[in-house]
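The values are calculated or read from the model by the stated rules, or taken from the named source; none is laboratory data. The structure presented is a predicted model; accordingly, all values stated were derived computationally and were not measured. As a convention, Cβ positions derive from the backbone with ideal geometry for all residues, glycine included, and neighbour counts pool all protein chains shown.
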Amino acid sequence: MTGPVSSHQPPIEAESAQLLPPAGAPALSSARQHLMEEYLMSEITRTTPETAPRSAPARRRRLLIAVPAGAAALALAATVAVAALTGAEQTGTFGDRIPAPVVQVAGGQTAQLASTVERISLAAAAAPDLDPKPGQYLYIESTVSNLSSTVDLEKSSSKTWVDKPHTRLVWLAADGRDGRLVEDGKTPAEGQELKGGEGAWSAPSLVFLKGLPTDPQELLQQIYAGTAGQGTGPDQEAFVTIGDLIREQAVPGKLAAALYRAAAKIPGVVLVDSAADAAGRPGIAIARTDPTTGTRSELIFDGSSYAFLGERSVQVTEGKGVKAGTVTANNAVTRRAVVDAVGLRPGAVART
Amino acid sequence: MHERIRAGDPGAFRELFQQHAQVVYRHAVRVTGDPGAAEDVMAVVFLEAWRIRAKLRDEAATPRPWLMGITVNVLRNRARAARRHAEALARMPAAEPVADFADELVGRLADQEQLRAAKAALEQLRRGEREVFALCVWAGLSYPEAAEALGVPVGTVRSRLSRARTRLRALAEKELTRRRRIPREPLRAVGQQLGSRAVAARADQEWIG
């Protein structure tokens, strides 16, 4: 890529260019550029809160939502098919990646949105709360697959790759966001320490969540106010923020119910009848398509128990070289529990 | 794009890299004269861009001037910038082995030669002039873009570029005078200019004298 040199270059520059040897402009080879791209993406998505700027929490979320992808029942089948066609699982420097699954894009509707959200909210309110005591930790286990790359080495045509669905474990202190992250291929095997501060909209702590109103309208207003100026637009930002609040936390039932009801009030939100999380569990989704990117963010719920399952991002209209139907991110929360110490799996007993 | 970068969207960061990696890299190669060092500079520039992404403003149509401003700062103090990202740099994938196709190798050597010459000439300028020259003439930034990258008024860009030109012209003339006194390629002049004994003789004479 050369700098867009204007054809009407001012005379000073044209003459100056002749005064010095035209600096040969050796380009970075495409293979090297690709490797550097992967390297930098891995660096910036690495969880290193100590060097992270004030707005760092947004990073975690974008990783999962704006970019987020995976291997749902349908998606998994698609993955295998695409992989067979392109010859293609790749072991990159930073974990394995696979061609992004492509699914049939199910349409969204609003006719049953209100009644379904009501059922989802009632189920959330009725579920028992997880309430870690000071010194205890929340443990959240999930399967995740995020966008890895869209660069094609050989051709100018782009191809979308995602991480192979892998396990992600997070421990969060009851009184904040300190804890640990263990993610296959992304962190050292023993994990990465988290120092997350007090929590924020895009990376909430339990204390932060407990301070939020449980009236859906009031809650929604606070979300809009708290995320003003961020993301691609206020409505999309409010919607993905609700995902951020729910994903890796233990939202009290009453608040969860309010969050879902608030989501349904955001303009453009629809109900999708068929979605699937990264663990392959089918479900229904409350979803919103970002008009600027053409990506639909879906909050997925079990179709009969109405329990929250996970999230998915599907490219609804082709954009930036990503084909319609491409699942660019997917996750599935498979377990939430309270444990007595950081690093401890549920069921294990803390050593004294 | 600006908003998504500020918000910390890794997808936006990837786009930023895909769209601007080459312009940053090539600028770094020209200024350092060293492709290896330029890769480090490029990595640091993007790590730095991610670190200070909240400071990206909407004033320009693209993040290019902002990114080039970071590049200029990193180049001004490479050691400090590298220290800040030392941990990340330690994880940088090793450079690819140089392909040994003869053509490519020759191309590389020619590039190296040209780079060295350009860098030597550029070093004759003051820092401010050098930066403006590299940004406007080589990287193709507009005056307002260069002004934003450097954090100076557009008028300053214009005057620095004008001074750079004057200085380069003076240098070029000095170089010409020097060459007139000392022929650069006396051996070839003697050996190859078969049809022109006079030229050969003069060259030989000058070489000796």
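Annotation note: Cβ proximity below 7 Å between a residue of the stretch B:1-26 that is more than 7 Å from chain A (Cβ to nearest Cβ) and a residue that is polar (S, T, N, Q) (sequence gap 6+ or interchain) occurs for B:Val24/B:Thr71. Only strands (runs of 3 or more DSSP E) whose full extent lies in the stretch A:178-293 are considered here, and the ones with at least 3 residues that are surrounded by fewer than 22 Cβ atoms within 10 Å (Cβ to Cβ) are A:179-183, A:270-276. Of all residues in the stretch B:124-140, those satisfying the criterion of being part of a loop (DSSP other than H, G, I, E, B) and within 11 Å of chain A (Cβ to nearest Cβ) are B:Gln124, B:Leu125, B:Ala139, B:Gly140.
Yes or no: B:Ala88 within 11 Å of chain A (Cβ to nearest Cβ), part of a helix (DSSP H, G or I) and at pLDDT 80 or above? So B:Ala88 fits the description; yes. Taken over the stretch B:141-159, residues that are touching a residue at least 24 places away in the same chain (Cβ under 8 Å) and within 11 Å of chain A (Cβ to nearest Cβ) amount to 4. Within the stretch B:1-46, the set of residues being farther than 24 Å from B:Cys136 by Cα, at pLDDT 85 or above and of a type outside the set (Lys, Arg) comprises B:Phe13 only.
Filter the stretch A:309-325 down to the residues that are buried (at least 24 other Cβ atoms within 10 Å of the Cβ) and charged (D, E, K, R), then identify the one that is nearest to A:Leu299 (Cα to Cα). Selected residue: A:Glu311. Of the residues making up the stretch B:49-70, those that are surrounded by 18 or more Cβ atoms within 10 Å (Cβ to Cβ), more than 7 Å from every other protein chain (Cβ to nearest Cβ) and over 19 Å from the mean Cα position of the chain (by Cα) are B:Ala49, B:Arg53, B:Leu56, B:Pro63. Restricting the search to the stretch A:244-261, which residues are within 22 Å of A:Pro128 (Cβ to Cβ) and within 20 Å of the chain's Cα centre (by Cα)? A:Leu245, A:Ile246, A:Arg247, A:Glu248, A:Gln249, A:Ala250, A:Val251, A:Ala256, A:Leu259, A:Tyr260 - these are the residues of the stretch A:244-261 that are within 22 Å of A:Pro128 (Cβ to Cβ) and within 20 Å of the chain's Cα centre (by Cα). Screening B:Arg57, B:Arg4, B:Arg14 for residues that are farther than 26 Å from B:Leu115 by Cβ and not in a helix (DSSP H, G or I) leaves exactly one candidate, B:Arg57.
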